[in-house]
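S.K.: Let me give you the structure first, and then I'll get to my questions.
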Amino acid sequence: MTSSNKFSIESPYAGLLIVVILAIVLGWPMFGTYFFHPNQHMYAFGGDALTLYYNVAYHACYGNGSHLSSMAYPDGELIFLTDAQGSLALLLSGLRELGLPVCDYAVGIVNGLGVWGYVLSAVFLYFLFLSIPMPVWRAALFGALTAAMAPHLHRLIGHHGLAHTFLLPLTFLWLVRKFNLRKWEWRDLLFFAVLVFFTFNNPYTGFGLCMIILLTSVVTMVRHHKVDSFLGMVSLAGMTPLILLFVYFKINDPYSDRIGLQWGYFHYKASLEGLIAPPNSLMDRGLQLWLGKGFTMDFEALMNLGFPIVLILLIFAGIRIFNKKLIADFQLPEVATAMTWAGLLMFLYASAIIFLPLPRDWVENVLGSMLMFKASARIAWPFWYALVFLAMVLLEITLKRLSFSGYVYTLVLVTLTWLTDYATYRKPMFTETVHPNFFDQNANNEIRSLLEANHISPTNYQGIYLLPKLLTWTDHFHSEPNFFNQFFGMRLSQTTGLPIVSAMLSRMSIGQTAERIEFLSDPLIKKSLHKRFPNSKPLLILRGKGETQLKAGELYLMSICDTILEHKDFTLFSLPLDRVNSYSLLKEISDGRITNNGSLNADNFFYLEGLQDNGNKNYAGKKSIEVNKGESEIASFRLAKALDSVYHFSAWSYIDPSKYDLGQWSLRSYDQQGKEVARTDINLNQSSEVHDQWVRVDMEVKVCENCSYKIYFNTNKKSWVDEIVFRPKSQYHFIDQAGTKVYNGFRIDP
């Protein structure tokens, strides 16, 4: 780096200007309008993106403290355990309370931080490359290209908390400075504050930042076979934000029934293919021409080092293996090799390679709460930066040894192939990503006008429930997507300040989720959720239109509502709370007006209740059936005389929060020779019937003459099942034993 303070083409100030210009030039085709009009647009207006915009905007306008109240009413959620950018949302709500008008600009702040953070990442990369040392103009060019190809840049579209791309370059630059100076500075306090802020803002981000600091220091000490007090303090700087986050969660987490072992680590993992040749990359196109096909992978695995980086690393790896003497005098900076080894360790974890020889169940049990970082591929992002930095070091050493023509050809090849990767891989990711801001004042006024035209006052209501069922981002329950209920529900909530009872939240507690699904379950199930509401005001029910079919409980809920607004894309209802639990059949059963059905007997239906006393793990009565891990045969039977051509099968299983997955029911029929003739498998994660801590399978099947039946349950952990009923569709089944009433498999609560 030159020490001249004059502003010349070789001065670092000129390079700073160049890298900013280049970053904007490369960013303009992808998200140019967001540079200067961030509050006018959204990258997307559905799915994850809309939810994450909504949570930040709602908290900026109506929230307080660390309690996110936008969804899961009346409980809400600890904001740092969601994807709501907890630190940023908390900061915005604090600024609002100080009188600043942040509410109208929350979306713009989210977008602005993303795109200008991208420019800042190019600046930090520029200074990182200057430390190699690298000439100013080259550091500016490669800094801008690296920033444009960052593996998480495209998260601007849908996961804004992951898209603060300046953080890893800043961390690498800080590490280089600490390794070079080996002393503490006042600016380190600012860096530590940034580290803590963004660790709480998004734990994935914080984990990656902190671990690369910790592991780089540890790797260096291991290589020197001694404990270094300064590097020990650097390690502590990396560990402390994670410790603070962990302790904070332990003290402040309001729920104890989150899923203990979460699903996803072995699915959303990093891969060499995603690092070297993801779809649409230049390497992928080469594979397509050579082999006729490329690699397929999950979205999370997309990283793409880029053709020139891969080529540089492969060439030097080959030389290192086959002709080490050629590079015997190459002196690599210690910090570059340490960061590479540290990044490799993170990649080995993120790709699950280190666990390949071990049983999956054992690995999951050992990792435990670490499985909360289910999208493990994100933990490999520091490795991407480490490899790019290493490649730049190797390239710079090589360029100094080449002839002028070799120097020019090499730089042209690197630049053109990098730009080609940018054009074919990166830029197309930002197609159709400029949409109106549906949370700005104009959009809010549209909702207000609609409410006023239909004489609807939001102050008369306490919350919004969305139909069809919208309870997602847990491993136990899935919801069919319906654009209209999410889009208009969140717009209605953001405009009125009314919280949503439904939820799209990461890591929701099982009790929260189950109680909200129970509210939409069969009317024979007595609901409890509304009894915890802070007042008796009715709910607004927003039914999104579209192809999603409503379940029986949802249809019943609509039948007891009053229609107050009909729109081409949704219907708005009013639900007085005193109408809940008012089902006429429920009252008849409770009053004793329903008796046993004499038409049913062992020849024409099947019923199995609990067999063992399993403590509190029983649905009706005092017993249930314990099921071991794996697939178990629960029952087998034959219908001597079917009453209907269609029968109804139902059963209950216990909702266990200890590990992901609710299990799978399988009903199989066999002919007289024992050959399987029909089979129906149902995963419980799509169930819309929940009663307390139990979930129900519910399906209709055609019966066949002279067939026998077997019922199986498949589970990845010990479980419990109860109240298995196989009855003619036209008949009801009712029992009343020792004060416990069960109608068609539903326990009737007093």
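S.K.: For a Förster distance of 30 Å, can you work out the FRET efficiency between the beta-carbons of LEU348 and THR296, rounded to the nearest 0.05? Spell out each step's value before the answer.
M.R.: Working: r = 22 Å, r/R0 = 0.74.
Between LEU348 and THR296 the formula returns 0.85.
S.K.: Would you mind checking region 159-176 for residues with the amide N under 18 Å from a putative spin-label position 7 Å along Cα→C-beta of ASP48?
M.R.: 159-166
S.K.: Can you quote the Å³ per residue value for the convex hull of the Cα atoms in the chain, rounded to an integer? Can you show the working numbers first?
M.R.: Numbers: hull volume 150.7 nm³, N = 750.
Value for the chain: 201 Å³ per residue.
S.K.: Can I ask one more? Relative to the present Cα-Cα distance, how much length would full extension add between THR33 and THR431 at 0.36 nm per residue of separation? Intermediate results must be reported in sequence, preceding the final value.
M.R.: Details: separation 398, 0.36 × 398 = 143.28 nm, distance 1.31 nm.
Result for the pair: 142.0 nm of gain on full extension.
S.K.: Quickly rank 151-157, 121-127, 565-571, 176-182 as a protection proxy: mean count of other C-beta atoms within 10 Å, highest first.
M.R.: On the way: 151-157: 22.9, 121-127: 26.0, 565-571: 14.1, 176-182: 16.6.
Going by the mean number of other Cβ atoms within 10 Å, highest first, we get 121-127, 151-157, 176-182, 565-571.
S.K.: Does region 590-748 classify as rounded, prolate or oblate by the C-alpha gyration tensor (a ≥ b ≥ c root eigenvalues; a/c under 1.5 gives rounded; else a/b over b/c gives prolate, otherwise oblate)? Intermediate results must be reported in sequence, preceding the final value.
M.R.: On the way: a/c = 1.83, a/b = 1.09, b/c = 1.69.
The shape class here is oblate.
S.K.: Note down the magnitude of the dipole of the chain about its Cα centre, charges +1 on Lys and Arg C-beta and -1 on Asp and Glu C-beta and zero elsewhere, to the nearest 20 debye. Walk me through the numbers on the way to the answer.
M.R.: Numbers: 62 positive and 60 negative charges, 366 e Å.
That gives the chain a dipole magnitude of about 1760 debye.
S.K.: Full-extension gain between TYR732 and ASN683, please, as 0.36 nm times their residue separation minus the C-alpha to C-alpha distance. Before the final figure, lay out each step's value.
M.R.: Values: separation 49, 0.36 × 49 = 17.64 nm, distance 2.48 nm.
That works out to 15.2 nm of additional length.
S.K.: State whether region 15-165 is rounded, prolate or oblate according to the following rule on the C-alpha gyration tensor (a ≥ b ≥ c being the square roots of its eigenvalues): a/c under 1.5 gives rounded; otherwise a/b larger than b/c gives prolate, and the remaining case gives oblate. Walk me through the intermediate numbers first.
M.R.: On the way: a/c = 2.39, a/b = 2.28, b/c = 1.05.
Prolate shape, in that a/c is at least 1.5 and a/b is the bigger ratio.
S.K.: Would you mind telling me the antiparallel percentage of the DSSP bridges in the chain, rounded to 5? Let's see the in-between values first.
M.R.: Values: 68 of 76 bridges.
Close to 90 percent.
S.K.: Sort 647-653, 411-417 by packing, meaning the average of other beta carbons within 10 Å per residue, with the highest value first. Please list the in-between numbers first.
M.R.: Details: 647-653: 24.4, 411-417: 15.4.
Highest-to-lowest ranking by the protection proxy: 647-653, 411-417.
S.K.: Let me ask you something else. Which is farthest toward the positive dipole end of region 135-293 among VAL176, LEU153, TYR255, measuring Cα position about the Cα centre, with Cβ charges +1 (Lys, Arg) and -1 (Asp, Glu)?
M.R.: VAL176
S.K.: Based on the Cβ-Cβ distance of ILE243 and ARG532, what FRET efficiency does E = 1/(1 + (r/R0)^6) give at R0 = 30 Å, to the nearest 0.05? Could you put the intermediate results ahead of the total?
M.R.: On the way: r = 35 Å, r/R0 = 1.15.
Result of the calculation: an efficiency of 0.30.
S.K.: To the nearest 500 deg cm²/dmol, what mean residue ellipticity at 222 nm is calculated for the chain from DSSP H runs of n ≥ 4 alone, each contributing -39,500 (n - 2.57), summed and divided by the residues? If you can, show how the numbers build up before the last one.
M.R.: On the way: 21 runs with 311 residues, N = 750.
Calculated at 222 nm, the ellipticity per residue is -13500 deg cm²/dmol.
S.K.: Something else now. Sort 700-709, 286-295 by the packing proxy (mean of other Cβ within 10 Å over each peptide's residues), most packed first. Display every interim value, and only then the final one.
M.R.: Working: 700-709: 14.7, 286-295: 12.2.
Top of the packing list down: 700-709, 286-295.
S.K.: A follow-up question, please. About its Cα centre, what dipole magnitude does region 609-750 give when the only charges are +1 on Lys and Arg Cβ and -1 on Asp and Glu Cβ, stated in debye to the nearest 20?
M.R.: Working: 19 positive and 20 negative charges, 40 e Å.
That gives a dipole near 200 debye.
S.K.: Would you mind calculating the gained length between PHE230 and ASN614 on full extension (0.36 nm times residue separation, minus the Cα-Cα distance), in nm to one decimal? List each step's numbers first, then the result.
M.R.: Details: separation 384, 0.36 × 384 = 138.24 nm, distance 5.63 nm.
132.6 nm is the gain from fully extending PHE230 to ASN614.
S.K.: Taking a point 7 angstrom from the Cα of LYS710 along the C-beta vector, which residues in region 630-650 have backbone N less than 20 Å away?
M.R.: 630-640, 649-650
S.K.: Give the calculated FRET efficiency between ASP603 and SER658 to the nearest 0.05, with a Förster radius of 41 Å applied to their Cβ-Cβ distance. Spell out each step's value before the answer.
M.R.: On the way: r = 41 Å, r/R0 = 0.99.
Efficiency at R0 = 41 Å is approximately 0.50.
S.K.: Right, something else. Which listed residue (LEU242, LEU608, ASN445) has the Cα farthest towards the positive end of the charge dipole for the chain, taking +1 on Lys and Arg C-beta and -1 on Asp and Glu C-beta about the Cα centre?
M.R.: LEU242
S.K.: Additional query: If I take every Cα pair under 8 Å that is 6 or more residues apart in the chain, average their sequence separation and divide by the length, what percent do I get for the relative contact order? If you can, show how the numbers build up before the last one.
M.R.: Values: 1371 pairs, mean separation 93.6, N = 750.
This gives 12 percent for the chain.
S.K.: Continuing with this model, one more query. Obtain the nm distance between the two label points defined at SER256 and HIS478 by a simple spin-label model: each point lies 7 Å from its Cα along the Cα-to-C-beta direction.
M.R.: Placing both labels 7 Å along Cα→Cβ, they lie 3.2 nm apart.
Every read-out reported here was derived from the displayed coordinates using simple, explicitly stated rules and does not represent laboratory data. As the structure is a prediction and not an experimental result, all values here were calculated from the model. Every residue, glycine among them, receives a Cβ derived from its backbone with ideal geometry; neighbour counts consider all protein chains shown.
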